[in-house]
Amino acid sequence: NETVLVQAPNATNTPQTLSVTINVRPKASILVSPLVLGFSVIAPLSGPFPPIPSQQFTVTNDGPVGSVLDYQIQRVTGLSDDWLASFSPVTGTLVSGGSNIITVSVAPIEGLARGTYQETLRVSGYSDNSYVEILIQLVIS
């Protein structure tokens, strides 16, 4: 506990003393599992791709008691607009030991060529490890 003295030359109630307490929380630690999600689909002869089941990964605050992880998830390469449909939720707040399940969906656009497509998702937040990356891979055969 410390005090702050506030003074104003023209005020009638000067000076004023305020008590200040600063609580510093320990840093969170980002844990993600699994670190790779693999999707595969067979390209149709014509028309749209068949539905591809979504997959999930878990984000956990593995930090000490008292830590809070405010995280966000974003694409790293940004080259997946034509096949990575969504990942959700993209933000969250986790107390120590808390976790969220993130659902990832892929939906290749019609006519996307056969091959292997990759995107990296980055989970970041105020933590001792700053961020963790997850590889998302789609194989079209």
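The values are calculated or read from the model by the stated rules, or taken from the named source; none is laboratory data. From a predicted model like this one, the values you see are computed outputs, not experimental measurements. Ideal geometry is used to build each Cβ from the backbone, glycine not excepted, and the neighbour counts take in all protein chains shown. To get the accessible areas, we keep the full protein, side chains included, count just its heavy atoms, and leave off ligands, DNA and RNA. Shrake-Rupley method; radii C 1.70, N 1.55, O 1.52, S 1.80 Å.
Laid out as a table, the results:
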| item | result |
| --- | --- |
| Those residues of region 101-114 which are surrounded by 17 or more Cβ atoms within 10 Å (Cβ to Cβ) and either β-branched (Val, Ile, Thr) or part of a strand (DSSP E or B) (or both), in sequence order | Ile102, Val104, Val106 |
| Residue match in region 115-127 (condition: surrounded by fewer than 16 Cβ atoms within 10 Å (Cβ to Cβ), at pLDDT 95 or above and not in a strand (DSSP E or B)) | no |
| Some residue of region 20-42 being part of a strand (DSSP E or B) and at pLDDT below 95 | yes |
| Residue within region 33-49 that is more than 14 Å from the chain's Cα centre (by Cα), open to solvent by less than 50 Å² (accessible area, probe 1.4 Å) and without any contact (Cβ under 8 Å) to a residue 24 or more places away in the chain present | yes |
| Unmet requirement for Thr14, which otherwise passes all of (1) within 30 Å of Ser124 (Cα to Cα); (2) surrounded by 11 or more Cβ atoms within 10 Å (Cβ to Cβ) | (1) |
| In region 86-98, the residues that are part of a strand (DSSP E or B) and either under 10 Å from the mean Cα position of the chain (by Cα) or surrounded by fewer than 16 Cβ atoms within 10 Å (Cβ to Cβ) (or both) | Ser86, Phe87, Ser88, Thr91, Gly92, Thr93, Val95 |
